[in-house]
1. Reachable aspartates and glutamates from LYS209, Cα under 13 Å, same-chain residues fewer than 8 places away excluded?
2. Please give the FRET efficiency for ASP248 paired with LYS149, using the beta carbon to beta carbon distance and R0 = 25 Å, rounded to the nearest 0.05.
3. Amide H neighbours of PHE40 under 5 Å, counting only residues 5+ apart in sequence or on other chains, H built in-plane at 1.01 Å?
4. Around VAL243, under 11 Å between beta carbons, what's the net of Lys plus Arg minus Asp minus Glu among the other residues?
5. In which sequence would HIS237, HIS175 go, from the one with the fewest C-beta neighbours within 10 Å to the one with the most?
6. According to a simple spin-label model (label point 7 Å from Cα along Cα-to-Cβ), what is the distance in nm between SER91 and LYS259?
7. I'd like the FRET efficiency for SER276 and LYS52, computed as 1/(1 + (r/R0)^6) with the beta carbon distance as r and R0 of 30 Å, rounded to 0.05.
8. Compute the separation of the alpha-carbon centres of region 26-42 and region 127-156 and state it in Å as a whole number.
Amino acid sequence: MIAKLVTAALAAMLLGAAAPQATTANPPSPADWTQPTAPFKIAGNVYYVGTKGLASYLIATPKGLILIDATMEANVPAIEANIKALGFKLSDVKILLNNHAHFDHAGGLAMMKRDTGAKLYAMAGDVWALENGKHDSDQNYSGSFTPVKVDRALKDGDNVMLGGVTLTAIATPGHTKGCTTWVMPMAGGHVAVFPGSLTVAGSKLVGNKRYPTIVADFRASFARMATIKGDLILPPHPGLADVLTRTDKDRYAPGLLPKLTADALAAFETEWRRQSAIAS
Ligand SMILES: [Zn+2]
């Protein structure tokens, strides 16, 4: 925690910003979230540059790099070292994308944006949370992180294009208002899917004043996710799809996304019944 506060204070000094954001309101992080791990090529033009427990995905194109998620601010130096270890320059990163505006996936975006000069594109529903560094939903904890300016607000179905690569932004809200599933066709007929988180994760499902449509949004997102086809599944928490332990033999898993979606739906309905029973 002290190291984190020092990092935040240092970042504020370097940015010339006002008081650093309070980090004490965030829940304790599992140890592997901040454990560095060596970068590696996942498949084709997609690389893993995150930590052991939080994913950061790098997509290489002839016109520069796209980075999905910067995880927590404390991880940014490790992610930057990973990008450089792969032979890229930080200034090659042209576009930053985000799975969703929670401290564990968006907390490092401000620092990463400053260090790379990249533009941040984000789903419209998450712009407020990103630009205010606050979770925009009633939860059993109040997440906070360093705010970051969004350069382009996206809507469902928008394409992000760079150097012949196209990522389509699919709105899968619920976990946050702008939670996004990124879909990217790859060579050989493969399709990479970076699925938006579908866990309840401490969100209030009954009487959520900051996010009144949360339950309807979650249900629509489960239905939507079930229609998405892809065989390279790359979630923001890599353990969910064994991203770090798969080999080239089992890298592609066409049945995985439907399974993850069904599991998340079952967990959601259980939590919905639990919260509804308490509320009634
Ligand atoms: Zn989250």
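What follows draws every value from the coordinates through simple rules; no lab data is involved. Predicted model, so just to flag it, every value in this text is computed and none were measured. As a convention, Cβ positions derive from the backbone with ideal geometry for all residues, glycine included, and neighbour counts pool all protein chains shown.
1. ASP136, ASP138
2. 0.05
3. HN-HN under 5 Å from PHE40: TYR48.
4. Computed value for this residue: +2.
5. Ordered from fewest to most neighbouring Cβ atoms within 10 Å, HIS237, HIS175 come out as HIS237, HIS175.
6. With each label point 7 Å from Cα toward Cβ, the separation is 4.5 nm.
7. It comes out at approximately 0.25.
8. Computed from Cα coordinates, the inter-centre distance equals 21 Å.
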